[in-house]
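Undergrad: Got a structure for you, questions after.
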Amino acid sequence: MADSTVTIVGGGVQGVHLAIRLLEAGLVPRSALQIIEPDGILGGFRRKCRQCGMTELRSPFVHHVDSDPFSLRDFARSCGRETELVSSSVGADRPTVSLFFDHAEACCERYDLENLVIDAAATDIGDAGDHVEIETTAGVYTARWCLLAVGHGRSYTMPTWARDRPEAPVTHVWDQEYDPAALEEVASVGVVGGGITAAQVATSLVRPGRDVTLFARSPFTVESLEADTDWMHFSGALADLHDLPPASSARAQLVRRARYDGAMPPHVFRRLRRALDEGAVTLERTEITALTATGGPVVVSCQNGRALCLDHVICATGFDSPYDGPLFRALREGTTLQTGHRGAPVLEDETLRWRRADGSLSQLIVTGAPAQQVLGPFARNVIGARRAGTLICDLLEEAENASEPSSVRV
Ligand SMILES: Cc1cc2nc3c(=O)[nH]c(=O)nc-3n(C[C@H](O)[C@H](O)[C@H](O)COP(=O)(O)OP(=O)(O)OC[C@H]3O[C@@H](n4cnc5c(N)ncnc54)[C@H](O)[C@@H]3O)c2cc1C
């Protein structure tokens with residue numbers, strides 16, 4: 001008998017939403033649900049928001065961890081915090097980061113999710129037929145179903161000149177150790193990147209007497225959302241995606257073309273424009289090609305021939321492939337689970353279950369960014385978590401009704 005019916009690996013936005021959906025639907029009793037998360041519930045997302053200086057969510061107030069879309073608005077009203085729903089020139093109002101997290105915390109308390117958390121990181125997962133064996137830093141746990149909700153699994157892109165430079169003050173904005181508060185005394189900062197994160201980091205680091213330089217090689221692009229709203233309905237556009245072979249380069253290309261990667265929403269662009277106009281941020285329209293450490297500040301050499309001396313360099317150069325985190329690599333190497341183009345998991349489109357090499361379906365279900373070849377460009381977003389929640393609830397309900405060997409039981 002397994003330790004749990006469902007174990008969710010990752011207690012971020014996706015993991016929390018899935019836990020709430022399963023408990024609310026009564027598909028899993030509390031005693032049969034576990035969440036494996038080393039960073040505290042929502043800790044990773046909270047840290048990222050702080051690290052990039054984000055003040056408001058990009059998505060509208062109906063996108064949050066709870067199941068009822070209006071729950072955040074009702075929460076704001078009940079605490080007299082309606083002003084934290086920031087009006088938007090396009091689309092619905094967006095919540096401030098603090099409202100989003102206070103509401104999320106209230107949802108977690110309502111379901112007492114903290115008490116379901118195993119404070120550990122999953123290091124490997126074994127496919128054991130009708131159950132899975134999850135190796136973690138705190139021991140091995142078995143589960144009838146395992147929902148993988150690890151986001152990008154700490155895999156992000158670093159320019160070659162910035163890699164393996166422990167001697168130099170250069171960090172990636174998503175480095176666990178990066179703390180913007182530690183830069184208070186720093187007089188000159190370089191921010192590398194041209195998208196939403198780079199713009200947020202650059203504007204949030206503006207202080208009197210500090211030089212902030214933004215290194216962006218391409219023109220800025222502005223889009224309200226990460227992709228066309230057609231993809232949010234998980235119907236027409238998604239049907240075209242599902243017509244292509246699973247985990248194929250064709251699917252990867254379609255998703256890549258659909259995502260407005262590197263674009264920033266109008267409210268972030270306005271803030272950046274103002275900072276540039278006021279001279280609080282300087283734009284270098286070029287690429288850094290080399291970095292020389294001097295023991296104190298660093299010298300960066302640029303493609304346009306310029307060289308600048310900076311106290312600290314922050315790379316806001318995005319995430320790497322969602323299939324390249326340590327857990328996905330371990331799964332690729334240690335199981336017969338099928339992978340395709342660049343290691344993408346081969347998932348069943350209707351259920352998100354990971355297929356084995358022989359075509360049968362495992363008890364492993366993938367959500368978030370690594371499920372983008374099934375859920376499309378919004379897979380990683382809150383709206384993607386909602387869609388995954390619906391598919392997974394349907395699957396578990398069906399399994400319970402069918403009472404097959406793989407059905408839900410403790
Ligand atoms: C700054 C920022 C702002 C964003 N704003 C929005 C927005 O406004 N609207 C929107 O819809 N989306 C937004 N997104 C996209 C956002 O990533 C998702 O909405 C959400 O965070 C994704 O949830 P997730 O659970 O997949 O990933 P995460 O929130 O990153 O959570 C993954 C969790 O898995 C854990 N984990 C990783 N590896 C392991 C392991 N081996 N074992 C156990 N646990 C593990 C991590 O510690 C983490 O807590 C934003 C993203 C960023 C970075």
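The values are calculated or read from the model by the stated rules, or taken from the named source; none is laboratory data. Fair warning: this is a prediction, and the values are worked out from it, not measured in the lab. Note: ideal-geometry Cβ built from the backbone for every residue, glycine included; neighbour counts use all protein chains shown. The protein model used for the area step is the full one, side chains on, heavy atoms only, and it has no ligands, DNA or RNA in it. Shrake-Rupley method; radii C 1.70, N 1.55, O 1.52, S 1.80 Å.
Undergrad: Mind telling me which of the residues 377, 322 ends up being under 30 Å from residue 288 (Cα atoms), modelled with pLDDT of 95 or more and not hydroxyl-bearing (Ser, Thr, Tyr)?
TA: Result: 377 is the single residue among 377, 322 that is under 30 Å from residue 288 (Cα atoms), modelled with pLDDT of 95 or more and not hydroxyl-bearing (Ser, Thr, Tyr).
Undergrad: Could you pull out the residue among 46, 50 that is more than 7 Å from the ligand (Cβ to nearest atom), in contact with a Phe, Trp or Tyr (Cβ under 7 Å, 6 or more places away or on another chain) and more than 30 Å from residue 397 (Cα to Cα)?
TA: Of the residues listed, the single one that is more than 7 Å from the ligand (Cβ to nearest atom), in contact with a Phe, Trp or Tyr (Cβ under 7 Å, 6 or more places away or on another chain) and more than 30 Å from residue 397 (Cα to Cα) is 46.
Undergrad: Looking at segment 183-218, which of its residues are open to solvent by 20 Å² or more (accessible area, probe 1.4 Å) and assigned to a helix (DSSP H, G or I)?
TA: 196, 197, 203, 204
Undergrad: Restricting to segment 219-241, and then to whatever is touching an Asp or Glu at 6+ places or on another chain (Cβ under 9 Å) and surrounded by 15 or more Cβ atoms within 10 Å (Cβ to Cβ), can you tell me which residue is farthest from residue 337 (Cα to Cα)?
TA: Applying the filter and picking the extreme gives 226.
Undergrad: Report the residue count in segment 53-101 for those that are touching a Cys at 6+ places or on another chain (Cβ under 8 Å) and away from the ligand (no atom under 12 Å from the Cβ).
TA: Looking only at that region, the number is 2.
Undergrad: Here's a check for you: in segment 1-34, which residue that is farther than 24 Å from residue 380 by Cβ and within 16 Å of the ligand (Cβ to nearest atom) is nearest to the chain's Cα centre (by Cα)?
TA: Filtering segment 1-34 for residues that are farther than 24 Å from residue 380 by Cβ and within 16 Å of the ligand (Cβ to nearest atom), the one nearest to the chain's Cα centre (by Cα) comes out as 4.
Undergrad: Moving on. With respect to residue 167, determine if the residue is open to solvent by 40 Å² or more (accessible area, probe 1.4 Å) and outside any loop (DSSP other than H, G, I, E, B).
TA: Judged against the criteria, residue 167 is not a match.
Undergrad: Let me ask something additional. What pairs come up if the first residue lies in segment 123-149 and is of a type in the set (Ser, Thr, Tyr), the second is open to solvent by less than 30 Å² (accessible area, probe 1.4 Å) and away from the ligand (no atom under 14 Å from the Cβ), and their beta carbons are under 6 Å apart, counting only those six or more places apart or on different chains?
TA: That search, which allows pairs on different chains as well, returns 142/2.
Undergrad: Can you report the number of residues in segment 224-273 which are part of a helix (DSSP H, G or I) and aromatic (Phe, Trp, Tyr)? Explain how you work it out, then say what you get.
TA: Keep residues of segment 224-273 that are part of a helix (DSSP H, G or I), which gives 229-233, 236-242, 249-258, 266-273.
Adding the requirement that they be aromatic (Phe, Trp, Tyr) leaves 231, 269.
Looking only at that region, the number is 2.
Undergrad: Okay, moving on. Since residue 205 meets every condition but one in (1) free of Cβ contacts under 8 Å to residues at least 60 places away in the same chain; (2) touching a Gly at 6+ places or on another chain (Cβ under 8 Å), which condition does it not meet?
TA: Every listed condition holds for residue 205 apart from (1).
Undergrad: Can you list residue pairs whose Cβ atoms sit under 6 Å apart, with the first residue in segment 3-29 being at positive phi and at pLDDT 95 or above and the second being within 11 Å of the ligand (Cβ to nearest atom) and of a type outside the set (Phe, Trp, Tyr)? Count only pairs 6 or more apart in sequence or on different chains.
TA: Going by the 6 Å Cβ cut-off, the qualifying pairs are 10/149; 10/150.
Undergrad: Looking at this structure, is residue 296 in a loop (DSSP other than H, G, I, E, B), over 22 Å from residue 203 (Cα atoms) and open to solvent by 30 Å² or more (accessible area, probe 1.4 Å)?
TA: Taking the combined requirement at face value, the residue satisfies it.
Undergrad: Please identify the pairs in which a residue from segment 244-255 that is outside the structural domain of residue 372 (by TED's automatic domain parsing) has its Cβ atom under 7 Å from the Cβ atom of a residue that is open to solvent by less than 40 Å² (accessible area, probe 1.4 Å) and among the charged types (D, E, K, R), counting only partners at least 6 apart or on another chain.
TA: 244/251
Undergrad: Quick check, is residue 339 outside the structural domain of residue 182 (by TED's automatic domain parsing) and under 30 Å from residue 195 (Cβ atoms)?
TA: Taking the combined requirement at face value, the residue satisfies it.
Undergrad: Report, ordered by the first and then the second residue, all pairs with beta carbons closer than 9 Å, sequence separation of six or more or different chains, a first member in segment 317-333 that is within 21 Å of residue 159 (Cβ to Cβ), and a second member that is among the acidic types (Asp, Glu).
TA: Correct list of pairs: 318/261.
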